[in-house]
Amino acid sequence: MAPETFAEIEGIGMEREEVDTFLREQGVGVLSLTDGQEAYGVPVSFGYDGEDSLYFVFLRIGEQSKKEQFAEQTERASLTVYNVDSKHVWTSVIVSGSLHQIPDREWNELETAIEDNAWYPSLFSEAEPMRDIQGWELRMDDVTGQQSEG
């Protein structure tokens, strides 16, 4: 691509307050995990505590969950959250950090964050038995955000 093309799509950096507002307003993103050899990006709903953690709930149906397997092996995960209205109006935030499973006895913060802004599709049939529900926390070490000028 010619440098002029890049100039058209470059954004301006966001202040942390703008990033916080954006994360509170959104409820879905793409969580990127790895098993050390293969990358795995999965759409997820998330909750944001407004400070330094993002929370996820993994619903496990059946015996195996690729998302769970990758999460357990990932030392450093990233979440990409974006909104695109047009080629001139867009916002994107990338958060990276360590991923930790939350024990059942520590679900209070997860539940509060999830209730505030998570979104869930009607993906699962009520007739399908769920094997487990797991809570996960992404501790935000690095946060970057860009948005269009328009």
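Some notes on this structure:
- Stretch gain in nm, segment Arg24-Ile133, where the contour uses 0.36 nm per residue and the Cα spacing is subtracted: 36.9 nm
- 3J(HN,Hα) along the range 40-45, derived from phi through the Karplus expression 6.51 cos²θ - 1.76 cosθ + 1.60 where θ = phi - 60°, amounts to 9, x, 9, x, 9, 8 Hz, with x in place of Gly and Pro.
- For the pair Glu15 and Ser98, the difference between a 0.36 nm per residue extended length and the Cα-Cα distance amounts to 27.6 nm.
- Over the range 28-87, relative contact order from alpha-carbon pairs under 8 Å, at least 6 apart, %: 44
FYI, it's all coordinate maths here, none of it is from the lab. It should be emphasised that the depicted structure is a prediction, and the values quoted were computed from it without experimental measurement.
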